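Participant: Once you've had a glance at the structure underneath, I'll fire off some questions.
Just so you know, all these numbers are worked out from the coordinates, no wet-lab data involved. Keep in mind it's a predicted model, so treat the numbers as computed, not measured. Quick reminder, even Gly has a Cβ in these numbers, built from the backbone with ideal geometry, and neighbours come from all protein chains shown.
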2 protein chains.
Amino acid sequence: MSLLTVGTVAFDAIETPFGKTDKIVGGAATYISLAASYFNKPINMVSVVGDDFPDDALENLRKHGANTDGIQIRQGEKTFFWSGKYHNDMNTRDTLATELNVLADFEPVVLDEYQNCEFLMLGNLTPAVQMSVINQLKNRPKLVVLDTMNFWMDIALEELKAVLKKIDVLTINDEEARQLSGEFSLVKAAQVILNMGPQYLVIKKGEHGALLFNKESVFFAPALPLEEVFDPTGAGDSFAGGFIGYLASTRDISFDNMKRAIIFGSAMASFCVEKFGTERLIGLTQDEIDDRVQDFIDLVQFDISLVND
Amino acid sequence: MSLLTVGTVAFDAIETPFGKTDKIVGGAATYISLAASYFNKPINMVSVVGDDFPDDALENLRKHGANTDGIQIRQGEKTFFWSGKYHNDMNTRDTLATELNVLADFEPVVLDEYQNCEFLMLGNLTPAVQMSVINQLKNRPKLVVLDTMNFWMDIALEELKAVLKKIDVLTINDEEARQLSGEFSLVKAAQVILNMGPQYLVIKKGEHGALLFNKESVFFAPALPLEEVFDPTGAGDSFAGGFIGYLASTRDISFDNMKRAIIFGSAMASFCVEKFGTERLIGLTQDEIDDRVQDFIDLVQFDISLVND
């Protein structure tokens, strides 16, 4: 089904305990689109790059089923660049450089050919850009998923709250859920956030898995215990891409199907962290994905028959 | 089936963000026995207290199915006392006081009536005491589970390693698994530790759940997301009690049954943290336990049919 994503297409330079990269292709929309491509095509992309962005990187996205017509290429300007260094625990990182470049005055444009959007994934960006994309769509999508981060809670909270009223699913991490709600308990935090607009909340806990809440129910999916987490960059976006890609492919937005989507999203995130950047998300096979999802099933399944049931 | 536990029976004074207690009854063997009592009776206890320990606390253990004949009562001496204060995140705490008292020269005695032991739970204590109990048993139990902590890794590592060669299941937390193995990745840590003696390793991650490893498989059980964690004291021991109590009641030590035991243990831990000390573990009903286990089933169950299977 028609899937639209807005988010960064960028250069990253990453340092982890396992090594470091020069400038490699990254960005939320890149990870989202690659992960979603294994479930649903095309992925209509809205983003912006400079004229330094390599054609073959765009071609690679197209090979995976992305429509890159909505990626603006700004002549004489440079692509967004982020550089970071992960600590030994891989859960914390220092940002070494953030060069906004083309992002500084990014005005997203939803092409006419994107207007049939049924599933909208708003990757982490300024809330004003996210709102602009929602407002440009003539028909309300079947499902709108939004990812954001603590930075926007710090500097653009009111704009963020306005966007939250327009969406269906919010994905944030545990610390962000605490910051947004003012509650330490994630159960209480979810109750507060679900009163801000979204019907569903996904709390991403990195190596500790993910929680899905609506007002009645909660579902927990673990992260796969891995021998090595090589590079966590893009894990959350890969999760989001697998999540909305699966939902778009099934067109079923029930809570039960969202549980499945969380597992497929978790599987894509588990691939992402196995190599630097997007490397592991390129050219996955259906067998690899099925085997990985089976690993999740094996990890959590148990069989208890309660006598009194 | 015949279940024997050795561990502390003690006084605790606890401070959490929700309040503080005077001296209340605690200790690893207390929590283990209360939690196990909902699955298997009797629980034969080996421990030591001073003459300041109240008769009604021992009577309460007996009411829950404990055999307290093996608890030495030292006249003119005082019971082990621990005092601690939890930080706001409830995952970290400061020890305010540790008075060993009767524990300082504790020599455990396994009564003749305890010799039929099939399931042995060695609660957290000096490895020498744990080894003494193993050596006093004329027949090797069907299953030996051992809990320990970083303190013994710091000051008695060789004694601890000697005991590890004698047991079947080790339960420790994630930081202790990293310390014992020298590996940061829990998957690698498990591989190292499973070569030290135990066939099974349970890594307790507190609010992030628990992992069960053997050399071939891994199972993950979440912790239940709770609105409030009131007092984490005894959660690990309640987990261990539910775990071995369920195994003893079923006499099935297969990996599949250990998965069930992990869920029952997690359920007992989730009760424990809801009130101060042992309060919530007193007088639970079967319906309460079944409902709680059902919460775990609802939390993690999902239904994915892989096309290629």
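Participant: Please compute the modelled spin-label separation between A:Arg140 and B:Phe184, points set 7 Å along Cα→Cβ, answer in nm with one decimal.
Facilitator: 4.6
Participant: From the phi angles alone, apply the Karplus equation (6.51, -1.76, 1.60; θ = phi - 60°) to segment A:221-229 and give each ³J(HN,Hα) in whole Hz, x where the residue is Gly or Pro.
Facilitator: Residue by residue, segment A:221-229 yields 10, x, 7, 6, x, 10, 4, 9, 9 Hz.
Participant: For the pair A:Phe18 and A:Lys78, how long in nm is the line joining their label points, each one 7 Å along Cα→Cβ?
Facilitator: Placing both labels 7 Å beyond Cα along the Cβ direction yields 2.9 nm.
Participant: Need the full-extension length gain, B:Glu274 to B:Thr95, defined as separation in residues times 0.36 nm minus the C-alpha distance. One decimal, nm.
Facilitator: Separation in residues times 0.36 nm, less the Cα-Cα distance, equals 62.3 nm.
Participant: For segment A:77-196, I need the span (max minus min coordinate) of the C-alpha atoms along each principal axis, in Å, sorted largest to smallest.
Facilitator: Here the spans come out as 46, 42, 23 Å, largest first.
Participant: Follow-up. Hey, got the dipole for segment B:164-309? About the Cα centre, +1 on K and R Cβ, -1 on D and E Cβ, debye to the nearest 20?
Facilitator: Approximately 820 debye in magnitude.
Participant: I've got another one for you. If you count the DSSP beta bridges with both ends in chain A, what percent of them are antiparallel, to the nearest 5?
Facilitator: About 40 percent, rounded to the nearest 5.
Participant: Additional query: Scan around A:Arg93 for amide H atoms under 5 Å from its own, H built in the peptide plane at 1.01 Å from N, and keep only partners 5 or more places away or cross-chain.
Facilitator: Sorted by chain and number, the residues that satisfy this are A:His87.
Participant: Here's something else I'd like to know. Considering only the protein assembly as shown, what is the antiparallel percent among its DSSP beta bridges, to the nearest 5?
Facilitator: 40
Participant: Let me know the Kirkwood hydrodynamic radius for segment B:1-45, please, with Cα pairs as the basis and the value in Å to one decimal.
Facilitator: Value: 11.7 Å, from the Cα pair sum.
Participant: Under a cut-off of 14 Å between alpha-carbon atoms, report the aspartates and glutamates in cross-link reach of A:Lys161, not counting same-chain residues fewer than 8 places apart.
Facilitator: The qualifying aspartates and glutamates are A:Asp147, A:Glu176.
Participant: Charges only on Cβ, +1 for Lys and Arg, -1 for Asp and Glu: so what's the dipole of the protein assembly as shown about the Cα centre, in debye to the nearest 20?
Facilitator: 420
Participant: For segment B:16-142, compute the number of Lys pairs whose alpha carbons are separated by less than 14 Å, excluding pairs fewer than 8 positions apart on the same chain.
Facilitator: Lysine pairs satisfying the spacing and distance rule in segment B:16-142 number 4.
Participant: Let me ask something additional. In sequence order, what are the phi-derived ³J(HN,Hα) couplings for segment B:151-162 according to the Karplus relation 6.51 cos²θ - 1.76 cosθ + 1.60 with θ = phi - 60°, rounded to whole Hz, with x for glycine and proline?
Facilitator: Along segment B:151-162, the couplings run 3, 6, 5, 6, 10, 9, 4, 5, 4, 4, 4, 5 Hz.
Participant: Which of B:Thr79, B:Thr30, B:Thr285 comes first, and how do the rest follow, when ranked by fewest Cβ neighbours within 10 Å?
Facilitator: By the 10 Å Cβ count, ascending, the order reads B:Thr285, B:Thr79, B:Thr30.
Participant: Compute from the Cα atoms of segment B:1-82 the Rg and the Dmax, the latter being the longest Cα-Cα distance, and quote both in angstrom.
Facilitator: 12.9, 40
Participant: Would you calculate a helix-derived [θ] at 222 nm for chain B, using -39,500 (n - 2.57) for each DSSP H run of n ≥ 4 and dividing by the full residue count, to the nearest 500?
Facilitator: Calculated mean residue ellipticity at 222 nm is -10500 deg cm²/dmol.
Participant: Remind me, what semi-axes does segment B:234-309 give for its equivalent ellipsoid, largest first in whole Å, using sqrt of 5 times each Cα gyration tensor eigenvalue?
Facilitator: Whole-Å semi-axes of the equivalent ellipsoid: 26, 16, 10.
Participant: For segment B:197-238, what D do you get in µm² per second when you plug the Kirkwood radius from alpha-carbon pairs into Stokes-Einstein at 10 °C and 1.306 mPa s?
Facilitator: Translational D for this selection: 136 µm²/s.
Participant: Using only Cα atoms, figure out Rg for the protein assembly as shown and give it as a multiple of 2.2 N^0.38 Å.
Facilitator: For the protein assembly as shown, the normalised Cα radius of gyration comes out at 1.06.
Participant: Moving on to the next point. Using 0.36 nm per residue of separation minus the Cα-Cα distance, give me the extension gain between A:Ser217 and A:Leu111 in nm, one decimal.
Facilitator: Extra length available between A:Ser217 and A:Leu111 comes to 34.4 nm.
Participant: Separate question: Which distances in nm, rounded to one decimal and ordered from shortest, link the label point of B:Asn135 to the equivalent label points in the other identical copies, with labels set 7 Å from Cα toward Cβ?
Facilitator: Once sorted, the set of distances for B:Asn135 reads 7.9 nm.
Participant: I would also like to ask the following. Which whole-Hz ³J(HN,Hα) couplings does segment A:115-125 yield from phi under the Karplus relation 6.51 cos²θ - 1.76 cosθ + 1.60, θ = phi - 60°, glycine and proline marked x?
Facilitator: For segment A:115-125, the Karplus-derived couplings read 5, 7, 4, 9, 10, 10, 10, 8, x, 4, 7 Hz, x marking Gly and Pro.
Participant: If you don't mind, there's one more thing I want to ask. How far is it, in nm, from the label point at B:Asp52 to the one at B:Asp303 when both lie 7 Å from their Cα along the line to the Cβ?
Facilitator: 5.8
Participant: Something else: List every residue whose amide H lies under 5 Å from the amide H of B:Gln72, counting only residues 5 or more places away in sequence or on a different chain, with H placed 1.01 Å from N in the peptide plane.
Facilitator: B:Ser47, B:Val48, B:Val49
Participant: Sort largest first and round to whole Å: the equivalent ellipsoid semi-axes of segment B:3-300, each the square root of five times a Cα gyration tensor eigenvalue.
Facilitator: The answer is 25, 23, 20 Å, longest axis first.
Participant: Then there is this: Scan around A:Asp52 for amide H atoms under 5 Å from its own, H built in the peptide plane at 1.01 Å from N, and keep only partners 5 or more places away or cross-chain.
Facilitator: A:Thr79
Participant: A follow-up question, please. By the gyration tensor of its Cα atoms, with a ≥ b ≥ c the square roots of the eigenvalues, what is the shape of segment A:151-309: rounded for a/c under 1.5, prolate for a/b over b/c, or oblate?
Facilitator: Oblate.
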